[in-house]
Amino acid sequence: MGNTGVAKAWWHLGLIAACVLLAAFLSACSGNSDAATSEKVLTLEAKVHSLEESLEALQEENATLQWELIDLRQRQVDYFRDQEAAKIADRIEREAATDLDTSQEQQLAALEEGQARNNRRFDDLDSRLRELEKIASQLELVLPAIEKWFTGMDKRVKLLEGTDVERTVNLAESAGGEVYYIDHPDRKEPAVLVMPLEPIEGNPLIVSLHGFGGNSADHALYVPFHEQVLDEGFGLILPNGIRNEDGQRFWNPTDPGASSGKASQDDYTYLSHIIIEAQMLKDFGPVYLFGYSNGGFMAYHIACKGLPGLRAVASLAGTSYVDDTDCESAVPVSVLHIHGTDDAVVLFDGVEGEPGAEGRDGPGYAGAEDMFHRWGARAGCNVQSVAYGLGVDLDDDIEGPETLTYAFPVGCAEGITVELWAGQGSTHGPGYGDAFTDALLDWLLAQE
């Protein structure tokens, strides 16, 4: 029973008590105290007593209900708190599960990315491994050559050591040639003569002359005739010019004391002497001269002066002076003039009345085409008839067949050939290799 039921009970009890009091009062006022009235009062008192007992019972019940209500409310609070806690726990669990899922997804993504990186790394390593295997297979082919190269390193170092004459001898001997020294009383250094091991009587003799500032060893490396001595059977002379005040070797392609002379030494007499000495040592046949730059000037000078047995002259980037009086009585010989059109030292077109060969003091010099026509005219060639050959690839520094060939096919003296090889774009020191050496040697040895 709630508080409302208890209040009603108290209201009824109070009403009965009031009635009892009123009945007693009325009885006292009327002076009636008969039995009927007393009985009513007793009856009312009994009801009052009963109501009091009921009221006490109700109070006890009410107190019990109050505690039960408090307990119920507490249980409701606990229930709702438990429910809220459960909701919170569930939310936390769901969030944790979500976080776990997210973390797992992130970890999975990281693992997949790591796997992808590993795959890419593996592919890269596999590609590099294949490349290394390819290189290794190639090395297997070149290792013998590399081992051979290192084995011969000491020998190659030796070729670069010593004086110019010693280096020349080393080069000749490395190619298998037999070496002789040719002395001259006015020169401190001997000229080097390279011979095949079994020379044949009448074999040709080639004299190869270095350029200004060069020497016999460096010249032999540039145009390595010595490597062909054994196969072709010719003799080869590699001489050295004397040194100027700056220590540079050179040749004097003029007569001593001439107004156009470059120096006082008589190189024509010197070279003639060593050629005759070589011919006395071995019975050579035709003589061929080849000169580079200043050596080309010297080769032309010897051709103008004349030399017993001389059959041909080849000049690379060399020429003659404009004053050509020394050659007025020259005996015709075969001539090959080789010149680069981009030569900035000895110009392809020559220089009239300016400093001479390679920029040093002296008169002007003839151009490449002038030399071609000069020696063609000396040989009696019809200089109006020029034959043009196909381009030849000789200069490794220029792509394609850069060298144009010109010749006089009509009227030349019997056995005489006059040609011009014009390197289109070639410089003073073209990038010549084996193709050039072979072509030059073939031309010289064909002039029998």
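Quick note: the coordinates plus some simple rules give every number you see, no bench work behind them. Keep in mind that this is a model prediction, so the values were computed, not measured. Positions of Cβ are generated from backbone atoms using ideal geometry, with glycine treated the same way; all protein chains shown enter the neighbour counts.
Annotations for the structure displayed:
- For residue 382, the residues 5 or more places off, or on other chains, whose built amide H falls under 5 Å of its own are 410, 411, 412.
- Sequence ranges 382-394, 161-173, ranked by mean other-Cβ count within 10 angstrom, highest first: 161-173, 382-394
- Region 210-219 - phi-based ³J(HN,Hα) in whole Hz, Karplus 6.51/-1.76/1.60, Gly and Pro as x: 6, x, 5, x, x, 7, 5, 6, 5, 5
- With the highest mean first, a sort of the peptides 175-184, 201-210, 188-197 on other beta-carbon atoms found within 10 angstrom per residue produces 201-210, 188-197, 175-184.
- Cα centroid separation - region 202-257 against region 421-445, whole Å: 16 Å
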